[in-house]
Amino acid sequence: MSTAHPPTAQAPMRTVLSHVIVPILMGLIMCAAYLGGFHKPSPHHVPVAVVGQAQQAGPLAAKVQDAFGDEADVRTIATPEQATDQLKQLKISAAYVPGDGKAELLTAGGASDTTKSVVEKMFRPVAEKQHDALTVKDVAPLTEDDPAGQNGFFFLVALTVAAYATSIAIGAAAASRPFAQRIALAAGAAVVISTIELAIAAWGYDMFGGHVLATWALSLLYTAGVLTVGVGLHPIVGRFATLLYSAIFVALNFTSSGGVFAPVMQPSFFGWLHDFWIGSGFVEALRRIIYFPDASIAGPLTILFGWLVVGLLCLAVGYAVEQRRVVRARELEEAASHPVGRHAEHAHQDERDELDPETEEELEENVAV
């Protein structure tokens, strides 16, 4: 004997399509950002120097500038010691020291192994024209546990995915809870994500040796910025949270962080973003701590704290919007408690034809996350 089952409600096709378009748009944004930022690295105004007194180094620097064009910005530095100091302060990417039959190229692999390789290729023809044998000296070499110089970037990716996805989960699953509880969940998540992921990196893969505490502090600051922005904006952007956050914290963030290529190796748009986007603050601060202790960390920290302030503002705006929405909902409930005639009948019919907002929101979150 068969048992009859009630018909299953189907979502309207336009609702289905509105959800399908979100991951498609995410893919298009990722494609445009990743290919734009990574597909063809080439030097743009790389800061380099020719070492020597102005009367000797000046003419050579002028010839090098003419040869490089827009690929580099060439200056002169009096001594190799001064050039080394500027490399360790991240003021230049390379320094060419001409000699009698031999020349030396000072580089800093810890800043960017890719840039180091590129400037070496740029200066080899210079040495050949001077009939000098070129040797390369790395004044800030990569460590054994970071042979590609990208551990900071990979860790940034792990922190980001966990943080922005958690902010969506808090915004969606805890939407019915007081806003203060969502803020507390975000704060707790920042501590948990930073601590557990750093434990995996440090003790599971021997990363950040000697700098674990500083890395944890940066990780906490970074994840707090991502989470506060995410939780704060969720009441405003709702179902479009993943689309927006993946654009902010993945597409634009990873490509402008300086973790894969230095900004001087990318199109100017990503170099511009590098000056203030949150990922660059994390990567550059960590790079200075590990490889360039003589370089100022004030700029990267300003970026990270600036984004945390933005996150706190997002929380304030999100709370205000949500409170206004609650007041409006109460007014509508009071109006709906006295339905009149055909208006009520049409309202009920519309409810049968449409998914309720909570169900539709849940569908969107499931698709997005």
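The values are calculated or read from the model by the stated rules, or taken from the named source; none is laboratory data. Being a predicted model, the structure only gives us computed values, none of them experimental. Cβ atoms come from the backbone with ideal geometry, glycine included; neighbour counts cover every protein chain shown. With ligands, DNA and RNA removed, areas are computed over all heavy atoms of the protein, side chains included. Shrake-Rupley method; radii C 1.70, N 1.55, O 1.52, S 1.80 Å.
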Open item on the list: Could you give me D for the range 46-138, from Stokes-Einstein at 10 °C and 1.306 mPa s, where the hydrodynamic radius is the Kirkwood radius over C-alpha pairs? Units µm² s⁻¹, please.
Closed with: 125
Open item on the list: What are the membrane-span-like helices in the chain by this rule: whole DSSP H runs, Cα extent along the axis at least 27 Å, mean Kyte-Doolittle hydropathy at least 1.0?
Closed with: 13-38, 151-173, 179-199, 212-237
Open item on the list: Quick check on the chain: helices-only [θ] at 222 nm, where DSSP H runs of length 4 and up contribute -39,500 (n - 2.57) each and the sum goes over total residues. Nearest 500, please.
Closed with: -21000 deg cm²/dmol
Open item on the list: Let me cross-check Trp277: its accessible surface, 1.4 Å probe, with only protein heavy atoms counted, in Å² to the nearest 10?
Closed with: 40
TODO: Tell me the label-point distance for the pair Arg14, Ala329, using the 7 Å Cα-to-Cβ offset, in nm and rounded to one decimal.
DONE: 2.4
TODO: Using the heavy atoms of the protein chains and a 1.4 angstrom probe, tell me the accessible area per residue for the range 150-326 in square angstrom.
DONE: 40
Open item on the list: I'm spelling it out carefully: the read-out is volume of the Cα convex hull per residue in Å³, the candidates are (1) 177; (2) 157; (3) 194, and one was derived from this structure. Which label?
Closed with: (3)
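In whole percent, and with a 1.4 Å probe on the protein chains, what portion of the accessible area of the range 82-134 is carbon and sulfur?
Its accessible area is 43 percent carbon and sulfur atoms.
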